[in-house]
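Each remark here refers to the structure printed beneath this line.
All of the numbers you see were taken from the coordinates with simple rules; none came from a lab. None of the values given here were measured: they were computed from a predicted structure.
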């Protein structure tokens with residue numbers, strides 16, 4: 001096999017004309033930065049969680065690129081082209097749609113940052129204009145956002161921009177959104193059995209050789225999605241059961257503010273420091289625990 005791409009958390013190998021193999025590493029990234037620390041067991045938990053959700057999607061009539069799980073941390077998938085925007089047309093087939101579809105069900109993360117700054121008004125989120133929006137509020141209806149996928153730093157897109165760079169018709173855009181929401185319904189149904197709240201998540205799609213939509217990459221893991229414990233939430237506590245706990249660590253340390261300022265001013269970005277050993281152990285146990293709570297399967 002030939003290594004064709006090293007991502008932030010997984011490596012991609014060319015198997016043959018029609019197949020790729022994902023190798024999930026123990027690397028971890030936040031804010032588009034790879035942390036110089038490895039998280040034991042992370043790769044395997046993400047690989048197995050992804051395989052679980054691909055099977056759920058398939059059983060609900062949603063086409064996927066998943067082919068087989070190769071324990072402990074490898075996955076074979078259908079190959080699609082990764083094309084520059086200029087090569088994508090309305091009739092192009094077999095390509096990665098260069099978008100990330102984010103579905104939000106609660107006020108959290110970067111959405112909360114924008115609410116606090118006034119960039120997102122209550123009415124935009126489906127609330128009454130006079131409502132005082134608080135962190136953790138359940139949204140009246142799912143809030144859909146689309147960002148770039150293949151650029152150095154993800155940026156939010158309007159529906160018009162997303163359709164243009166991805167070569168989508170209005171109906172195809174709607175089909176993608178509908179698919180993401182259908183999957184989220186299945187995720188919520190599954191994880192609520194184990195007292196988890198699915199807060200938000202992101203998904204990626206591609207067209208096959210017949211320009212039929214299929215969900216690709218990974219989703220429904222402790223990396224791509226945000227989760228809260230239902231019992232703690234009912235008490236007004238928001239225990240982050242995902243990679244968000246690592247983001248919060250760097251926010252509290254002051255690194256995030258320095259990074260944001262550097263990006264805003266166009267200065268060189270500060271290097272992200274390694275995690276302390278105690279934090280590495282904590283995050284490793286979190287990934288194992290979340291695999292078991294997300295899938296209902298035993299890790300060991």
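Once you reduce the range 157-182 and the range 95-153 to the center of their Cα atoms, the two points are 17 Å from each other.
Our estimate of slack between residue 274 and residue 147, defined as 0.36 nm per intervening residue step minus the Cα-Cα distance, is 43.0 nm.
Taking a ≥ b ≥ c as the square roots of the eigenvalues of the alpha-carbon gyration tensor, the range 1-53 is classed oblate because a/c is 1.5 or more while a/b is no larger than b/c.
Between the range 211-266 and the range 1-15, the C-alpha centres lie 24 angstrom from each other. Applying 0.36 nm per residue to the separation of residue 134 and residue 261 and subtracting their alpha-carbon distance, the gain on full extension is 43.2 nm.
Expressed to the nearest 5 percent, the antiparallel share of DSSP beta bridges inside the range 2-295 is 95 percent.
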